[in-house]
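The values are calculated or read from the model by the stated rules, or taken from the named source; none is laboratory data. Keep in mind it's a predicted model, so treat the numbers as computed, not measured. Here the Cβ positions follow ideal geometry from the backbone for every residue, glycine too, while neighbour counts run over all protein chains shown.
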Amino acid sequence: MLNISMPEAPPVAIDELEHRILIEEGRLFAKIWMADAPEAGQLAPILLFHDSLGCVELWRSFPKHLAATTRRRVIAYDRLGFGRSDPYPGRLGSDFIAWEAQHVVPQLCEQLGITDFVACGHSVGGGMAVETAAHLPHRCRALMTIAAQAFVEDRTLEGIRIAQRSFEDPANLAKLANYHGGKAEWAVSAWIDTWLAPEFSHWNLDVALAAIRCPVLAIHGEVDEYGTNEHPKRIAAGRGTAHILPNTGHVPHRERERLLIKVIHQFLNRIDTLSQ
């Protein structure tokens, strides 16, 4: 476990820029937070991958505060079918996690002029960050996962079934529509139907994890309702550190934002020190 005792960084102004990016499959919405500090243009930016029902807006204040603390650019984007990006063209395939890394991320990086980066993903976005680090090993300088799943676990499926029942209430779908508009119903179906499909039951990140060549930090909440601590252990095994956040559930960037950023900051500082 990392020692998170560290001095507070002085305040810094943050510039926020929005982008519309055209890739082969449609238009993506992306947002960049950049600290007004010399190192912000020199350090590899952090590329954020959102969860199964997430989007840029649902990261809340996390990207801004992460950029201010780490002095790195922080880049988040809405996947196709989510937030302010175009609808997904059809039904989500069972290989959607690896597909994102192989087909979307290279186009995103080209459009935004990103060379090296730090991959950081929440929940299923953590799986996409893993696949990205494996697919682009010469560009990914570090990998960070937050509440990620590394395999299909009974606890994950039970959490999804509970969520499925909650969406029988139209009010819950309406809340989601505040972020995804008319794509909300598709987003819910894509998450639930994909994970509960029999053909998805054998999915895991083992092949991608074996290809990781960068430092790894796997963060997980002690009381995560969508997965046990076996997930961060598998992600970090032999390649990095698993850090368990006490009294934290599945959404650390909302539940324990300050602590999460401290853990990330120390990890990245250690990498920077070793690379000097």
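Restricting the stretch 138-190 to residues that are touching a helix residue (DSSP H, G or I) at 6+ places or on another chain (Cβ under 9 Å), free of Cβ contacts under 8 Å to residues at least 60 places away in the same chain and of a type in the set (S, T, N, Q), the residue that is surrounded by the fewest Cβ atoms within 10 Å (Cβ to Cβ) is N178.
Among the residues of the stretch 66-90 satisfying the criterion of being part of a helix (DSSP H, G or I) and out of contact with any helix residue (DSSP H, G or I) (no Cβ under 6 Å at 6 or more places or on another chain), which is nearest to E24 (Cα to Cα)? Top of the filtered list is A67. Output the residue which, of all residues in the stretch 63-99 that are without any contact (Cβ under 8 Å) to a residue 24 or more places away in the chain and out of contact with any Asp or Glu (no Cβ under 9 Å at 6 or more places or on another chain), is surrounded by the fewest Cβ atoms within 10 Å (Cβ to Cβ). Going through the qualifying residues, I end up with G90. Among residues of the stretch 1-42 being under 30 Å from P246 (Cβ atoms) and surrounded by 20 or more Cβ atoms within 10 Å (Cβ to Cβ), the one that is modelled with the lowest pLDDT is A35.
From S275, S201, which residue is of a type in the set (S, T, Y), at pLDDT 95 or above and more than 19 Å from the chain's Cα centre (by Cα)? Steps first, answer last, please.
On the way: S275 fails: at pLDDT 95 or above.
On inspection, the qualifying residue turns out to be S201.
On the stretch given as the stretch 211-240, residues that are assigned to a helix (DSSP H, G or I) and either under 12 Å from G127 (Cβ atoms) or in contact (Cβ under 8 Å) with a residue 60 or more places away in the chain (or both) total 5. Within this structure, L173 fails the test of being within 27 Å of R256 (Cα to Cα), touching a Gly at 6+ places or on another chain (Cβ under 7 Å) and either modelled with pLDDT of 95 or more or of a type in the set (A, V, I, L, M) (or both). Residues in the stretch 30-62 that are farther than 19 Å from R139 by Cα, without any contact (Cβ under 8 Å) to a residue 60 or more places away in the chain and not in a loop (DSSP other than H, G, I, E, B): K31, W33, M34, A35, P38. More than 26 Å from L43 (Cα to Cα) and buried (at least 20 other Cβ atoms within 10 Å of the Cβ): does that describe A236? So A236 fails the test.
Within the stretch 257-275, the only residue that satisfies the criterion of being among the hydrophobic types (A, V, I, L, M, F, W, C), in contact with a helix residue (DSSP H, G or I) (Cβ under 7 Å, 6 or more places away or on another chain) and either farther than 22 Å from D116 by Cβ or not in a helix (DSSP H, G or I) (or both) is L260. Just one residue in the set Q102, Q107, Q111 is polar (S, T, N, Q), farther than 18 Å from I32 by Cβ and surrounded by fewer than 23 Cβ atoms within 10 Å (Cβ to Cβ); that residue is Q102. Highlighted here are the helices (runs of 4 or more DSSP H) found entirely within the stretch 104-204 that include at least 1 residues which are farther than 20 Å from E225 by Cα: 105-112, 124-135, 170-180, 184-196.
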